[in-house]
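The values are calculated or read from the model by the stated rules, or taken from the named source; none is laboratory data. From a predicted model like this one, the values you see are computed outputs, not experimental measurements. Glycine gets a Cβ as well: all are built from the backbone with ideal geometry, and neighbour counts include every protein chain shown. Each accessible area value is taken on the protein alone, full model and side chains, heavy atoms only, with ligands, DNA and RNA left out. Shrake-Rupley method; radii C 1.70, N 1.55, O 1.52, S 1.80 Å.
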Amino acid sequence: MYHPLPSAPAAAPAPAAAPAPATTATPTPRTNPYPGGFTEYQSVRWHARIAQRSRAYHAYRRAWEDYPAARHVASMPLCLDLETTNFCNLKCTMCWRTSAIADGTFDALQHMPWDLYTSLIDQCEGDVPSLKLNYYGEPLMDLRLMDRIVYAKRHGLLDVQLNTNATLLTHDRAQRLLDTGIDGVFFSVDGHTAETFNAIRVGASFEKVLDNIEGFVTLRDQGHYNTVTRVNFVCTPENESEWPGYLAFWHERVDAVGMAPVKPSWGGDGHERTIVPDWSCAMPWQRMIISPTGVVTPCCEDNLRQYVLGDAHHTTLHDMWHGAKLTALREAHARCAYHEIALCRGCALPHMG
């Protein structure tokens, strides 16, 4: 069972609420406390579902914003991003994985061993509220995905979520995924027409993905599951003209719509950038990223693993979270001197909002 966070006051009990009906009201954006210009349009359905969650969940969500602002280091991260597989069945044009596969710099393809995964989840119990089950891989290619979600939920993680391209989300997989008790499923859909979508998400079928998402939502609603859904749109020159129609279409069909500008490059890629005064990143107070082999890094921008915190086979999550390398990174960001860290100096996020 997850223990409520010590410095976040408990929320008032949330009233039970049935999922709200679709609304035709103009979506109102909410910009998340996350760098990179990500904007989320949350429907009344999203808020109705979130309102039914526990006091501990609401405390964790307040801490997501409050801890970075206060420079408060919790006993453990608020979220672990576990890449249980780095296999993917698509070659999306804007994805770093696609270019890394092409130039031979991507890791060997593999799934996270079960014993490593369970060891990590065991360390999370009671201290880590959130788990995200992907990074650059497609989680539905992990044959033990459902077992992993069930294991995490049984060990008290409050917010287990994943991003998927939805190409493999058959009726059977959708039902099994909902039955695990997963809290959030977020779909990557980067176009509002078949021509644009298929050109960007190479290897996917626009019609099949739409059918799979709508089938998942139908099963969710018929079974009265409380899983929240969102579609994510990476805005590129090829699809930006489709954004207004995309937002209007999906706002009626899923619980939230997210949009982020495409990243021009990634942290640690050798780009020299101007320093943005008074900028700091929230991630050093929020999360850690763990590869299928157990390599741990501090943020989702360190694709090249320029700032490795340790190996989860040999060092505990607690020790890495409080270790010298992450402490030094936080200290630089606390002074808005992120540029003192080579990885951060090359990062595009300070320039993206």
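Of everything in region 279-307, what is out of contact with any Leu (no Cβ under 8 Å at 6 or more places or on another chain) and farther than 18 Å from His333 by Cβ? Give them in sequence order. Within region 279-307, Ser291, Pro292, Thr293, Val295, Asn303, Leu304, Arg305 qualify. Just one residue in the set Phe206, Phe187 is free of Cβ contacts under 8 Å to residues at least 40 places away in the same chain, among the aromatic types (Phe, Trp, Tyr) and either surrounded by 21 or more Cβ atoms within 10 Å (Cβ to Cβ) or touching a Gly at 6+ places or on another chain (Cβ under 9 Å) (or both); that residue is Phe206.
When you look at Gln52, is it of a type outside the set (D, E, K, R), open to solvent by 60 Å² or more (accessible area, probe 1.4 Å) and at pLDDT 95 or above, yes or no? Criteria met by Gln52. A single member of Ala63, Ala70 is open to solvent by 30 Å² or more (accessible area, probe 1.4 Å) and closer than 23 Å to Met320 by Cβ, and it is Ala70.
Within region 127-177, being in contact (Cβ under 8 Å) with a residue 40 or more places away in the chain, under 18 Å from Tyr60 (Cβ atoms) and part of a loop (DSSP other than H, G, I, E, B) holds for Asp127, Val128, Pro129, Leu133, Gly156, Leu157, Leu158. With respect to the conditions (1) farther than 30 Å from Arg62 by Cβ; (2) part of a loop (DSSP other than H, G, I, E, B), Arg253 falls short on a single one, namely (1). Listed by first and then second residue, the pairs with beta-carbon distance under 7 Å, at least 6 apart or on different chains, first residue in region 245-263 and modelled with pLDDT under 95, second assigned to a loop (DSSP other than H, G, I, E, B) and not aromatic (Phe, Trp, Tyr), are Ala260/Gly36; Ala260/Gly37; Pro261/Gly37; Pro261/Met352; Val262/Met94; Val262/Thr236; Lys263/Ala348.
Okay, residues lined up against (1) assigned to a loop (DSSP other than H, G, I, E, B); (2) not charged (D, E, K, R):
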| position | (1), (2) |
| --- | --- |
| Asp278 | yes, no |
| Cys281 | yes, yes |
| Pro292 | yes, yes |
| Val296 | no, yes |
| Cys299 | yes, yes |
| Asn303 | yes, yes |
| Val308 | yes, yes |
| Thr315 | yes, yes |
| Met320 | no, yes |
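Apart from one condition, Gln123 fits all of (1) modelled with pLDDT under 95; (2) under 22 Å from His314 (Cβ atoms); (3) among the polar types (S, T, N, Q); the exception is (1). The requirement of being surrounded by 14 or more Cβ atoms within 10 Å (Cβ to Cβ), touching a helix residue (DSSP H, G or I) at 6+ places or on another chain (Cβ under 6 Å) and within 17 Å of Gln161 (Cα to Cα) is fulfilled somewhere in region 210-219, by at least one residue. Residue count for region 78-114, restricted to those that are in a helix (DSSP H, G or I), among the hydrophobic types (A, V, I, L, M, F, W, C) and open to solvent by 70 Å² or more (accessible area, probe 1.4 Å): 3.
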